[in-house]
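Here's the structure we're looking at; comments come further down.
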Amino acid sequence: MLVSIAAVAGLTSVILVDLVSIGALCAFAPVAIAVPIPRERRPDLERPFEVPFPPVLPTVTAVARLHLSLNLSVETWLRFLAWTLIGAVIHVGYGHRKNRPARREHSDTPEPAPTP
């Protein structure tokens, strides 16, 4: 197991590592920012876990994420933006084709009613 991990690490380029890093940092940013919001808006709800030191810890997490992201190279940011745009185009194109109301508008035959 350790040898296979070492082989993958040795063959993985730094470009891919940076892209994975910036992707993870950007994915966790909304989570860190959003954690305190439900606690403020709906304090009456039961929660299965507690975040220590709210809202300080989520704020520190978001600031640390921003700091780490800003320390990545400009090339990494440009690659990330390019992949994000490519993903958005694919997402919008796929969603437009699979959108039921849009299909009904462009179709002459009515869509069958959903079965209960």
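Just so it is clear, none of the values below were taken in a lab; they were calculated from the coordinates. It should be emphasised that the depicted structure is a prediction, and the values quoted were computed from it without experimental measurement. Note: ideal-geometry Cβ built from the backbone for every residue, glycine included; neighbour counts use all protein chains shown.
Write out the chymotrypsin sites (Phe, Trp or Tyr not before Pro) in segment 21-97 meeting two conditions: DSSP loop, and at most 12 other Cβ atoms within 10 Å of their Cβ. It would help to have the intermediate numbers written out before the result.
Values: sites: Phe28, Phe49, Trp77, Phe80, Trp83, Tyr94; in loops: Phe49.
Here the sparse-neighbourhood loop sites are Phe49.
Towards the positive end of the charge dipole of segment 16-102, with charges on Cβ (+1 Lys, Arg; -1 Asp, Glu), say which of Gly95, Ser69, Ile37 has the farthest Cα.
Farthest towards the positive pole: Gly95.
Compactness ratio of segment 16-102: Cα Rg over 2.2 N^0.38 Å, N = residue count?
1.44
How big is the dipole moment of segment 16-102 about its Cα centre under a simple scheme where the beta carbon of each Lys and Arg is +1, that of each Asp and Glu is -1, and everything else is neutral? Debye, nearest 20, please.
Here segment 16-102 has a charge dipole of around 420 debye.
Looking at the chain, do any whole DSSP H helices span at least 27 angstrom along their long axis by alpha carbon and average 1.0 or above on Kyte-Doolittle, and which?
Details: long enough: 14-34 (31 Å, 2.37); 74-98 (36 Å, 0.44).
Helices meeting the criterion: 14-34.
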